[in-house]
Amino acid sequence: MPPASSLPDGQTIFVINPNSTAAVTRGIDAAMAPLRMAGGPAIECLSLQSGPPGIQTQQDVDAVAPQLVSLATSLRARAAAFVVACFSDPGLHAVREAVDVPVLGIMESGVLTALTLGQRFGVIAILKGSIPRHLRAYGAMGVESRLAGELAIGLNVTELAQYERTLARMTEVGRRLRDEKGADVIVMGCAGMALYREPLQEALGIPVVEPSQAAAAMAIGRVRMNWHGA
């Protein structure tokens, strides 16, 4: 195995958006800019073309898992790592079983990053129906005692492209999490929110974690240090 400082050419971290909405993938790709650097690894963002417009229900989560496994398997020869860029982490463990490189989910990575930035994290969801699904995941992760709360902005994935409306709703909900729930760090609970991290952090005055960035940053560390794990 080569040392971390001399990775083979052509190794790429694939950031896979499990929905088929191109605007979401473009936003994720733009959010990767600070993480692209000389010496790599390269970061390539993809949409799951056969996926739904948004991952908004448990049925959506379950349906895309086999497709993610198939796509990751097809890309394995070029891959240094994979990031599943949906806050429900669909297919995360199935993809980990299928490939022998690091696989990061953005919910897991975003929450773990938030725990290093504050004592109590709040999450901004898109829809109320997503919250029970997320709460199950926090329970499995054992982080419920650090969760200040999760509130929804009431917009679906495709509506997130409405910049002024989305930022206003995210700011309103972020302030409620900060002021009413006691959150001292915010996690954005959808990859489609990627474009809003900097203005939201400026508006709230507390750290805001964009989970696709958090997962990609972890993936870079895993690749550079040759940490594969389970």
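Here is how the numbers come out for the structure above:
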| read-out | value |
| --- | --- |
| Filtered trypsin sites (Lys or Arg not before Pro), region 57-141: DSSP coil and at most 16 other beta carbons within 10 Å | K128 |
| Spherically averaged projected area in nm², based on the convex hull that wraps the Cα atoms of region 1-131 | 9.0 |
| Intensity falloff of region 163-223 expressed as log10 I(q)/I(0), Debye formula with alpha-carbon point scatterers, at q = 0.13, 0.15, 0.22, 0.25 Å⁻¹ | -0.35, -0.45, -0.85, -1.02 |
| Loop-located GluC sites (Glu not before Pro) in region 97-205, at most 14 other Cβ atoms within 10 Å (DSSP) | E180 |
| Extended-chain gain in nm, criterion 0.36 nm per residue less alpha-carbon gap, R26 and R78 | 16.6 nm |
| Helix 130-141 axis, angle to the chain major axis (alpha carbon atoms, nearest 10°) | 60 |
| Largest-first ellipsoid semi-axes for the chain, taking √(5λ) over the Cα gyration tensor eigenvalues, angstrom | 27, 19, 17 |
| Qualifying trypsin sites (Lys or Arg not before Pro) in region 162-230, DSSP loop, other Cβ atoms within 10 Å at most 10 | none |
| Pairwise centroid distance, computed over Cα atoms, of region 170-230 with region 31-97, Å | 18 |
| Cα long-axis angle, helix 58-75 against the chain (0 to 90 degrees, to the nearest 10) | 30 |
| Residues R176 and Q49, FRET efficiency given R0 of 45 Å [Cβ-Cβ distance, rounded to 0.05] | 0.80 |
| Residue among A33, A194, A63 with the largest mean-square fluctuation in a Gaussian network model of the chain, springs linking Cα atoms under 10 Å | A33 |
| Net charge dipole size for the chain [Lys, Arg +1 and Asp, Glu -1 on Cβ; Debye, nearest 20] | 160 |
| Accessible surface of region 59-197 [probe 1.4 Å, protein heavy atoms]: carbon and sulfur percent | 50 |
| 1.4 Å probe accessible area per residue over the chain, in Å² | 43 |
| Helix 163-179 axis, angle to the chain major axis (alpha carbon atoms, nearest 10°) | 70 |
| Cα-centre dipole for region 43-123 with unit charges at Cβ (Lys and Arg positive, Asp and Glu negative), debye to 20 | 160 |
| Positive-end extreme of charge dipole, the chain - chosen from N226, S20, Q56 (charges on Cβ) | N226 |
| Two-site label geometry, D100 and W227: point separation in nm, points 7 Å out along Cα→Cβ | 2.1 |
| Spin-label zone in region 73-114 - amide nitrogen under 16 Å from a point set 7 Å from the Cα of A140 along the C-beta vector | 84-98, 103-112 |
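The values are calculated or read from the model by the stated rules, or taken from the named source; none is laboratory data. Remember, it's a predicted structure, so these values are computed and weren't measured experimentally. As a convention, Cβ positions derive from the backbone with ideal geometry for all residues, glycine included, and neighbour counts pool all protein chains shown. Just the protein is used for accessible areas: all its heavy atoms, side chains included, with ligands, DNA and RNA removed. Shrake-Rupley method; radii C 1.70, N 1.55, O 1.52, S 1.80 Å.
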